[in-house]
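The values are calculated or read from the model by the stated rules, or taken from the named source; none is laboratory data. Every value quoted in this text rests on a predicted model; they were computed, and no experiment measured them. Cβ sites come from the backbone with ideal geometry, for glycine too, and all protein chains shown count toward neighbours.
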């Protein structure tokens, strides 16, 4: 699916502000529309979205000419738009900002079979730290929640973390406490890994929102790899069957997939190297999910099926097994297709999906007037995505926010790409824009002077002469 602008011409007075411009964007790619002030990029942008009528040329969406379609009809066809100016409803909460859009449409968008599968997989994109045993620690860490009163003595006993005052961290001792508890749940000795935790927290303040989440999850992944390798070393050197069975059970317990099917383990696998060991762990999950599939298909209670599809505590690999690859046969397709999702259920699921994916769950009850620039932008992007656009046009998304918040907005744009949304972006922050686009166009005096990938644009002599400057580097 493609959005195309062909031979666009816009004349004001005697001046050709846009002169024979061709632009196209595929779904799932990020394209930049760049150029100096007065180059015609904003006018081109407005003609694509429908704010300005071209004197000549046409706009095509998936092979359909939408040149005469008003802006609201383009929106219904899948073309979204986020203006540079603040558009959040200041007197409404974050949650109400999204619900208000659906109310105007008569409810949240309908979910077809493909939507349900993609939605369910996205809901299942939680790794082990989102399972029952780790979830509260994980959420409290990321949401800057102080440890419960009963644990305050343990928190106070931990060393004080000295962080950079320019990059403050809320409740660093409490965060250290959460890490120590996760380490203990994994089965590692915290004292042996406390330096890793200290160093992580010192660096943690440098990141913003989704960047923090990503770095925290990288830390947790590294801790699991340490534990996995530790179990493998014991497994490899042990000759006792009972010891090996205990080690296998410790993996099952760690993965939090305890089930009756694992109560009796008779056969000990032949494992010679770490790759075989990792494959065996994957097989444990596959066995678990084959039983989960059978339960899913034979369970009469539809609400239980909804719970499985929501998959709040499932690994992405496991959810993919259930819904996308190994188990996505006609039988389970028909079950998913037949689920009668009510409007209220569909709306509730989609709302939680947006709040969680765009990292705004913790501010869901905050009013628009109380949001920072970066938070406001995230809410506006989430609200724009709530209508399930195929393409989203972002006008100066980095304007009016501080440098740290820019990192969070870049994360948002990558999320849009992962949702298979095509993004056309125009912004004066050329360096940050070039870092996130797949390709782009540079306009000057109303004409495209160069186009290509970000690397091609950054090294183009023509781009340097007319726009970037001779000393420009990415």
Considering only the stretch 458-474, state which residues are modelled with pLDDT under 90 and in a loop (DSSP other than H, G, I, E, B). 469, 470, 471, 472, 473, 474
Just checking, does the stretch 435-445 include any residue being farther than 19 Å from residue 83 by Cβ and free of Cβ contacts under 8 Å to residues at least 12 places away in the same chain? no
Residue in the stretch 186-197 that is nearest to residue 140 (Cα to Cα), counting only those that are in a helix (DSSP H, G or I) and at pLDDT 85 or above: 197
Check off (1) at negative phi; (2) in contact (Cβ under 8 Å) with a residue 40 or more places away in the chain; (3) in the same structural domain as residue 18 (by TED's automatic domain parsing) for residue 414 and give me the number that stays unchecked. (2)
Filtering the stretch 440-457 down to residues that are assigned to a helix (DSSP H, G or I) and surrounded by 23 or more Cβ atoms within 10 Å (Cβ to Cβ) yields 457
Neighbours by Cβ (under 6 Å, 6+ apart or cross-chain): first from the stretch 222-240, assigned by TED's automatic domain parsing to the domain that holds residue 182; second part of a loop (DSSP other than H, G, I, E, B) and at pLDDT 85 or above: 227/188
May I ask you to verify whether residue 392 is touching a residue at least 60 places away in the same chain (Cβ under 8 Å), touching a strand residue (DSSP E or B) at 6+ places or on another chain (Cβ under 9 Å) and not in a helix (DSSP H, G or I)? yes
Of the conditions (1) at pLDDT 90 or above; (2) crowded, with 20+ Cβ neighbours inside 10 Å; (3) assigned to a helix (DSSP H, G or I), the single one that residue 81 does not satisfy is (3)
Kindly evaluate residue 48 against the criterion of being part of a strand (DSSP E or B) and surrounded by 21 or more Cβ atoms within 10 Å (Cβ to Cβ). no
It is to be established whether one or more residues within the stretch 366-376 are assigned by TED's automatic domain parsing to the domain that holds residue 36, assigned to a strand (DSSP E or B) and within 28 Å of residue 97 (Cβ to Cβ). yes
Among the numbered criteria (1) free of Cβ contacts under 8 Å to residues at least 60 places away in the same chain; (2) out of contact with any helix residue (DSSP H, G or I) (no Cβ under 9 Å at 6 or more places or on another chain), which single criterion is violated by residue 451? (2)
Could you check the stretch 11-28 and list, in sequence order, the residues that are part of a strand (DSSP E or B) and either free of Cβ contacts under 8 Å to residues at least 60 places away in the same chain or more than 29 Å from residue 416 (Cβ to Cβ) (or both)? 11, 12, 15, 16, 19, 20, 24
I'd like to verify a number: residues in the stretch 417-439 that are under 15 Å from residue 396 (Cβ atoms) and either at pLDDT 95 or above or in a strand (DSSP E or B) (or both), how many? 4
Would you point out the residue of the stretch 1-28, among those that are touching a helix residue (DSSP H, G or I) at 6+ places or on another chain (Cβ under 7 Å) and within 22 Å of residue 428 (Cβ to Cβ), that is surrounded by the fewest Cβ atoms within 10 Å (Cβ to Cβ)? 17
Boolean, residue 460 is surrounded by 15 or more Cβ atoms within 10 Å (Cβ to Cβ), in the same structural domain as residue 35 (by TED's automatic domain parsing) and in contact (Cβ under 8 Å) with a residue 40 or more places away in the chain: no
Any idea which of 50, 63 is in contact with a helix residue (DSSP H, G or I) (Cβ under 6 Å, 6 or more places away or on another chain) and under 21 Å from residue 388 (Cα atoms)? 50
